[in-house]
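The values are calculated or read from the model by the stated rules, or taken from the named source; none is laboratory data. What you see is a predicted model, and the numbers here were worked out from it, not measured in a lab. Glycine also receives a Cβ, built like all others from the backbone with ideal geometry; neighbour counts cover every protein chain displayed.
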Amino acid sequence: MQNDPERAHRAFQCFMNLPTPQTADSVARNPHVPAETERILSGWGASAMDAAFLEAAPNLRVVLYGAGSIRHVATPALWDLVALMA
């Protein structure tokens, strides 16, 4: 791949505008957070993304989850909503 400073700058900017990390407790204290969420980047220890959570997050488009298993997080409601990419 060639050195492309403009492309590198655009990629860097994606990481400059990350929202504040959230936990189940912080979302419970700020119930507006899921409604504003388009992307979730998560891993070990994430809460289940059940029907109630997904209803509260109508703008959710992408879930990136880095862990050994998504069994706890990926409820049937999530599978109904997303396309699997591996």
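Structure data summary
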quantity	calculated
Residue pairs meeting the criteria (Cβ under 6 Å; at least 6 apart or on separate chains; first in contact (Cβ under 8 Å) with a residue 12 or more places away in the chain and among the hydroxyl-bearing types (Ser, Thr, Tyr), in the stretch 32-56; second assigned to a loop (DSSP other than H, G, I, E, B) and surrounded by 14 or more Cβ atoms within 10 Å (Cβ to Cβ))	37/57; 37/60
Which numbered condition residue 55 misses (of (1) at pLDDT 85 or above; (2) exposed (fewer than 10 other Cβ atoms within 10 Å of the Cβ); (3) of a type in the set (Asp, Glu))	(2)
In the stretch 55-79, the residues that are assigned to a loop (DSSP other than H, G, I, E, B) and within 20 Å of residue 45 (Cβ to Cβ)	57, 60, 67, 68, 69, 70, 71, 72, 73, 74, 75
Residue 67 being surrounded by fewer than 15 Cβ atoms within 10 Å (Cβ to Cβ), of a type in the set (A, V, I, L, M, F, W, C) and either at pLDDT 85 or above or out of contact with any strand residue (DSSP E or B) (no Cβ under 9 Å at 6 or more places or on another chain) (or both)	no
Tally of residues being outside any loop (DSSP other than H, G, I, E, B) and within 14 Å of the chain's Cα centre (by Cα) across the stretch 32-54	11
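Per-residue answers, yes or no, for (1) loosely packed, with under 11 Cβ neighbours inside 10 Å; (2) within 23 Å of residue 75 (Cβ to Cβ); (3) at pLDDT below 85:
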residue: 5; (1), (2), (3): yes, no, yes
residue: 8; (1), (2), (3): yes, no, yes
residue: 13; (1), (2), (3): yes, no, yes
residue: 18; (1), (2), (3): yes, no, yes
residue: 27; (1), (2), (3): no, yes, no
residue: 41; (1), (2), (3): no, yes, yes
